[in-house]
Each structure stands twice: as C-alpha cells, then as structure tokens.
Amino acid sequence: MNFDFSALLVFLTFVSGFIWLFDSLFFAPGRRVDQSVSDKATTNANDEKEEPKLPLLVEYAKSFFPIFLIVLILRSFIFEPFKIPSASMMPTLLIGDFILVNKYDYGLRLPVLHTKFWENKKPERGDIVVFRSPENPAIPFIKRVVGLPGDKIAYYDKTLYINDISVTQILNGRYNAVGAGKEMDGVSLRLENLGNIRHEILIDPDRRSQELETRVPESHYFVLGDNRDNSRDSRFWGFVPDENLVGRAFMIWMNWDGKNGGVDFSRIGTIIE
C-alpha cells in the first residue's frame, strides 16, 4: 500500500483549523467572560489580566495549524521533494538522489484531487518530469519527455526517432558506476541531442531493446528513462496523460547511497537537465 502524504496533510490542516475556528466561535467567548469574572473577584484594578487558558487540544490545533497550512501550500503549489529509488534515470539521476520538483511550471492542481485550476506552460522536449504512473496513479514515476502531442515516435536498434528523424547519439566512453547503481558499470555512455537539451544516456549492448513505432495523442506525452535498457517507460505501458503530471524536476538537494559511503556532497545543489 502506498502512503498518501498529501491526503494526510490536507486532513491535518482541515482538522486543526476546524478545531481552532470552532473553539474561537463557540467556547472562547465563554472562557473570556468566566476569566473576567474571576479577575474581578481575585485581583486589584492595577493587576494585569490573564488570558483564559486554552484546552490542550485547542492549544495544539492553534500551534500546528499554521505549520500544516504552510507546508501544504509549499508542497502542493511550489516545490515537492522526491527520492530516486531506481536506476532508470542513470546517469542523470542516481539511486539515492533527493530531488526538488517544480509544481507550478505545468499549472497548479488541487492536492489529492489533482484537478488543474490554473494553466501555465506545457512540458517541452527534454524536460525531466515527475508524474503519476498510468498503471497505478498512486505511484510517482520520473522520466524524460521525448515525444510531444502529435509526434511520431519510433525506437529501433537502440536509437530514438522523432518524426522520422533519428536523434543523434555520440559515444562518450565507458560508464563507471558506483554504489547502488554498480550493475550498470561498463555499459556505453553516450551524449544525446534532444532539441535544445544535450544529455547523457546509458546503452547496454548486451540487453535486448523494446522496439516500437507510435503516434503521441493530444494531451499526452511519450517518456523514456535515460538508462535506456533498464527502464520501464512509454515503450512498455504507453503515454503519460497531461492530468497525471506532477511537475518538472530541477535540482538535487541531497544524495544518500549507503552502498557508496553515504552522502555524495558533489551532487548537492546539482541542476537537473
């Protein structure tokens, strides 16, 4: 079962806010009256009046509501953190990378419901996007956009074709893998020119490729992992609908790989391209 943190955050924000508001409207006025009567009976006119003591539940709700609300706004509409669990985006993203995802680039959506209420930009070819899996929307995936709506996409002999034009790959030597991604050590490292984005990919000559030819429907995107022979992506399960988009990955803020000695400080702050 996948834990839905967004739903929990919405629930905590609503409950704490409701408790605080309900108490302010119906119970707080009575406490202030009782406190005023008590002050008149026990203190001199020059003594400072004490504020009525809040019930413990209300005190917690009043303290935590602003925190829950700020985190909900930041996480739902600004930035959301994710951890990379697999090798499918190597060498761009490594197992153990913690990334930040821009939530407003592709429009703002309501938390939990995922309904878009504000339009912004559309994904561009080469963007690395986080999205809810078309097979199981509860699971977030991360891949690179290679096909836009209307594009003809083909993948043959480990080469990507967009609208019948092959995407250039330049051999860049042997990939030296470490840590949790060690299984990819020795595969072919290549530079791929994808529009204005020049990025690295991995090709394993010993693995069989999933080949296909297709046309991207409207409001859908074709995505691939940069680790082309070790990624389940649009070649296997189809297109990503616009409503499944979460945001654009833009920065690595932490890396932790226990199989590579822990924190890799050289990756912290890396801009994702």
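The values are calculated or read from the model by the stated rules, or taken from the named source; none is laboratory data. None of these values were measured; they are calculated from a predicted model. Note that each Cβ is placed from the backbone with ideal geometry, even for glycine, and that neighbours are counted across all protein chains shown.
Quick rundown of the values:
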item: Tally of residues being part of a helix (DSSP H, G or I) and either within 11 Å of ASP97 (Cα to Cα) or in contact with a Cys (Cβ under 6 Å, 6 or more places away or on another chain) (or both) across the stretch 251-264; result: 0
item: Qualifying position, being among the hydrophobic types (A, V, I, L, M, F, W, C) and closer than 30 Å to TRP20 by Cα, among PHE141, PHE77, PHE131; result: PHE77
item: ILE142 vs. criteria in contact (Cβ under 8 Å) with a residue 40 or more places away in the chain and either of a type in the set (Ser, Thr, Tyr) or under 15 Å from GLY247 (Cβ atoms) (or both); result: yes
item: Any hit, the stretch 233-246, residues being in contact with a strand residue (DSSP E or B) (Cβ under 9 Å, 6 or more places away or on another chain), farther than 29 Å from PHE77 by Cβ, assigned by TED's automatic domain parsing to the domain that holds LYS103 and assigned to a strand (DSSP E or B); result: no
item: Residues satisfying the stated conditions in the stretch 99-125, i.e. acidic (Asp, Glu) and either surrounded by fewer than 16 Cβ atoms within 10 Å (Cβ to Cβ) or part of a strand (DSSP E or B) (or both); result: GLU119, GLU124
item: Residue match in the stretch 145-166 (condition: of a type in the set (D, E, K, R), within 16 Å of MET89 (Cβ to Cβ) and in a strand (DSSP E or B)); result: no
item: Elements of type strands (runs of 3 or more DSSP E) in the stretch 170-215, at least 3 residues being closer than 18 Å to ARG232 by Cβ, within 29 Å of the chain's Cα centre (by Cα) and modelled with pLDDT of 95 or more; result: 197-203
item: Matching entry among ASN163, ASN196, ASN255 (being over 19 Å from ARG144 (Cβ atoms), polar (S, T, N, Q) and assigned by TED's automatic domain parsing to the domain that holds ASN120); result: ASN255
item: Residue count, the stretch 76-95 (criterion: in contact (Cβ under 8 Å) with a residue 12 or more places away in the chain and in a loop (DSSP other than H, G, I, E, B)); result: 10
item: Meets criteria (under 25 Å from LYS122 (Cβ atoms) and either among the polar types (S, T, N, Q) or in contact with a Pro (Cβ under 7 Å, 6 or more places away or on another chain) (or both)) for PHE239; result: yes
item: Qualifying residue in the stretch 219-228 (condition: in contact (Cβ under 8 Å) with a residue 12 or more places away in the chain and exposed (fewer than 14 other Cβ atoms within 10 Å of the Cβ)); result: yes
